[in-house]
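A.B. asks: The structure is given below, and queries will be raised subsequently.
Nothing in this text is a laboratory measurement; each read-out follows from the coordinates by a stated rule. Remember, predicted model here, so these are calculated numbers, not experimental data. Backbone-built Cβ (ideal geometry, glycine too); neighbour counts: all protein chains shown.
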Amino acid sequence: MPRRTTRLATHEVFHICNRAAGELTLFDSRTDYLIFEQTFLEMLASYPINLFAYCFMPNHWHLLAEAEQPKVLTQALHWLGTTHAIRWRRNTDSKGRGAVYQSRFRAHLVRKNEAFYKVAHYIERNPVVAHLCQAPQEWDWSSASSRPKEKPFLAEWPLHKPKEWHRTLQSPLEEDWVSRIRCAISLQKALDGADQS
């Protein structure tokens, strides 16, 4: 059965994820991360996207974003995946060895209510859950990073961002929300503040 796809409507927030094909590791070194970060910055400079949160992990990445123009988000993600795959193959001297990404990106709509906060929390705390660092601010490759760098520009959140958000990230996300978010990204179905199961 064909995999379900999500129409990335304008003025709607989406949690987007893409994963490496097979057993590939997308980011095995600092150079790998920097190449992707530069490609990501180029995408943001070329496509009008509101980026609210992101995280780059060794074999996948997450975004929380919206677009204000039709088809822009889909076009931007296609460009990002294609361009990064070409650069990754070139950097690893592995041209012609198959797909870099598992498939087309996955995405699910995130309602602008409690669900937005929970998904942002899920994304920015991802490296801690994966035991890559002890605190979200220590992970260089996310919107929670404290690393001084040319970071991707973050848009103002559609909801009030708590002043103590960094403190919120110190606590694990509730397990029921973790399950709901993982289910939403797997099935590519909308996530609301109320439990829709």
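A.B. asks: Quick check for me: using +1 on Lys/Arg Cβ and -1 on Asp/Glu Cβ, what's the dipole size of region 1-91 about its Cα centre, in debye to the nearest 20?
C.D. replies: 340
A.B. asks: Would you calculate, for the chain, the mean residue ellipticity at 222 nm contributed by helices, counting each DSSP H stretch of 4 or more residues as -39,500 (n - 2.57) and dividing by all residues, to the nearest 500? Don't jump to the answer; show the numbers that get you there.
C.D. replies: Values: 6 runs with 69 residues, N = 197.
Computed mean residue ellipticity for the chain: -10500 deg cm²/dmol.
A.B. asks: Only loop residues by DSSP count here, and only those with at most 10 other Cβ atoms within 10 Å; note down the GluC sites (Glu not before Pro) in region 1-104 that meet that.
C.D. replies: 23
A.B. asks: Would you calculate the separation in nanometres between label points at residue 25 and residue 186, each defined as 7 Å from the Cα along the Cα-to-beta-carbon direction?
C.D. replies: Result: 2.6 nm between the two label points.
A.B. asks: Another one. In a Gaussian network model over the chain where Cα atoms closer than 10 Å are linked, find which of 88, 157, 165 has the largest mean-square fluctuation.
C.D. replies: For the chain, modelled as a Gaussian network with Cα springs under 10 Å, the answer is 165.
A.B. asks: Could you give the length gained on full extension between residue 159 and residue 59, defined as 0.36 nm per residue of separation minus the Cα-Cα distance, in nm?
C.D. replies: Contour length minus the Cα-Cα distance gives 33.0 nm.
A.B. asks: Let me ask something additional. Which FRET efficiency value, to the nearest 0.05, is calculated for residue 34 and residue 113 with the Förster distance at 41 angstrom and r the Cβ-Cβ distance? Spell out each step's value before the answer.
C.D. replies: Details: r = 36 Å, r/R0 = 0.87.
That pair, residue 34 with residue 113, gives E of 0.70.
A.B. asks: Can you compute the FRET efficiency between residue 175 and residue 7 using 1/(1 + (r/R0)^6), with r the Cβ-Cβ distance and R0 = 22 Å? Round to the nearest 0.05.
C.D. replies: 0.15
A.B. asks: Identify the residues of region 30-51 with backbone N under 11 Å of a label point that sits 7 angstrom from the Cα of residue 69 along the Cα-to-Cβ direction, or state none.
C.D. replies: Residues passing the 11 Å test: 46-49.
A.B. asks: If you scale each eigenvalue of the Cα gyration tensor by 5 and take the root, what three semi-axes come out for the chain, rounded to whole angstrom and sorted largest first?
C.D. replies: On the way: eigenvalues 121, 80, 58 Å².
Result for the chain: semi-axes of 25, 20, 17 Å.
A.B. asks: Also: Using a Gaussian network model of the chain whose springs link C-alpha atoms within less than 10 Å, name the residue from 13, 128, 119 with the highest mean-square fluctuation.
C.D. replies: Its mean-square fluctuation being the largest, the pick is 128.
A.B. asks: Looking at the chain, how many pairs of lysines come closer than 27 Å at the Cα, when each pair is eight or more places apart or spans two chains?
C.D. replies: Taking the Cα cut-off of 27 Å, the pair count is 18.
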